[in-house]
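A.B. asks: Here you go, one structure.
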Amino acid sequence: MLCLKVASDPAWVEEARRDLDAILVDHAHCEMKAASNALSLATRPSNEFALVRALTDLAREELDHFQRVIDFLERRGLRLGTPPVDAYASDLRRAVSALPHDAKISSLVDRLLVAALIEARSCERFKLLLPLLEAQEDGELFVFYKELFVAEARHYQVLVDLAISATGGDAPAVHARLELVAEREAAIVRALAAGDARGSIHG
Ligand SMILES: [Fe+2]
Ligand SMILES: [Fe+2]
């Protein structure tokens with residue numbers, strides 16, 4: 001799906017079925033991190049205003065997602081708490097920073113591609129939640145995650161397109177790099193699936 005090289009372990013869906021509240025709390029944190037990451041990336045290309053606008057638009061949309069997940073948490077009597085350490089995202093950033101140097105690929109491009117992979121994986125996981133929510137007859141959550149599944153797929157594409165424009169239009173170089181990032185992401189997802197299951201979007 002999208003650029004993903006490995007499908008999620010079915011055990012993730014079982015964990016989500018067992019503790020959907022934990023998934024919702026973690027999801028709220030993920031949306032907040034997506035918003036703040038997009039804003040922090042927006043400060044990087046200070047003279048590329050199209051890129052700055054696209055990233056601030058993205059941040060605004062992620063903040064809207066965050067607020068809407070918060071509404072679900074409040075209705076269900078859940079607490080947001082402090083953000084947990086996101087092993088998936090930090091392992092992915094570390095793996096990508098260790099990739100071979102490529103003169104066409106700046107650190108901004110790598111960060112855009114890491115964000116794109118995170119969007120792709122979120123999109124896949126939201127899709128996996130849909131049959132579960134349908135079976136539980138949770139109409140509001142079903143409609144919400146269906147919308148987010150579409151939105152995160154679009155964000156994936158926006159971030160890949162921004163990475164291409166950040167190289168001055170070198171699509172082959174970005175797609176070659178995306179392959180490497182996706183390989184690292186698949187290895188991390190396999191390793192996390194082999195560890196202790198925990199209720200998180202990317203765990
Ligand atoms: Fe989002
Ligand atoms: Fe997103």
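A.B. asks: Please give the charge dipole size of the chain, origin at the Cα centre, charges +1 on K and R Cβ atoms and -1 on D and E Cβ atoms. Round to the nearest 20 debye. Kindly include the intermediate steps, with their values, before the conclusion.
C.D. replies: Values: 24 positive and 32 negative charges, 94 e Å.
That gives the chain a dipole magnitude of about 460 debye.
A.B. asks: Sticking with this one: Please state the Cα pair-distance histogram of the stretch 1-86 with 10 angstrom bins from zero: what percent is in each bin?
C.D. replies: Pair shares across the bins are 16, 33, 34, 14, 2.
A.B. asks: Take the Cα atoms of the chain, build their convex hull, and give its volume per residue in Å³.
C.D. replies: Looking at the chain, the number lands at 109 Å³ per residue.
A.B. asks: In bins 10 Å wide, starting from 0, what share of all Cα pairs of the stretch 110-157 does each bin hold, as a percent?
C.D. replies: Percent of pairs per bin, in order: 30, 45, 20, 5, 0.
A.B. asks: Starting from the Cα of residue 143, step 7 Å along the direction of its Cβ; do the same at residue 7; then give the gap between the two resulting points in nm.
C.D. replies: Those two pseudo-labels are separated by 3.0 nm.
A.B. asks: Between helix 139-166 and the chain, what is the angle of the helix's C-alpha long axis to the longest principal axis, kept within 0 to 90° and rounded to the nearest 10?
C.D. replies: The helix 139-166 is inclined about 10 degrees to the chain.
A.B. asks: What angle, in degrees between 0 and 90 and rounded to the nearest 10, separates the Cα long axis of helix 49-75 from the longest principal axis of the Cα atoms of the chain?
C.D. replies: Computed tilt is about 10 degrees.
A.B. asks: Would you mind computing, in nm to one decimal, how far apart the modelled labels at residue 48 and residue 134 are, each placed 7 Å from Cα along Cα→Cβ?
C.D. replies: Reported label-point gap for residue 48 and residue 134 is 3.9 nm.
A.B. asks: Given the options 118, 67, 23, identify the residue whose Cα lies farthest towards the positive end of the charge dipole of the chain (+1 on Cβ of Lys, Arg; -1 on Cβ of Asp, Glu).
C.D. replies: 118
A.B. asks: Let me have the 222 nm mean residue ellipticity of the chain computed from DSSP H runs of 4+ only, each contributing -39500 (n - 2.57), with the sum over all residues rounded to the nearest 500.
C.D. replies: Estimated from H runs of four or more residues: -26000 deg cm²/dmol.
A.B. asks: Another question, then. Return the distance in nm (one decimal) between the two label points of a simple spin-label model at residue 154 and residue 17, each offset 7 Å from Cα along Cα→Cβ.
C.D. replies: Each label point lies 7 Å from its Cα, and together they span 3.2 nm.
A.B. asks: Report the relative contact order of the chain, percent, no decimals, based on alpha-carbon pairs under 8 angstrom and at least 6 residues apart.
C.D. replies: Result for the chain is 34 percent.
A.B. asks: Further, regarding this structure: Helix 171-194 versus the longest principal axis of the chain: what angle, 0 to 90°, nearest 10, using Cα atoms?
C.D. replies: Between helix and principal axis, roughly 30 degrees.
A.B. asks: Below 8 Å, C-alpha to C-alpha, sequence gap of six or more: please give me the relative contact order for the stretch 89-199 in percent.
C.D. replies: 37
No lab work stands behind these numbers, since they all come straight from the coordinates. Given the structure is predicted, the values throughout are model-derived calculations rather than measurements. Positions of Cβ are generated from backbone atoms using ideal geometry, with glycine treated the same way; all protein chains shown enter the neighbour counts.
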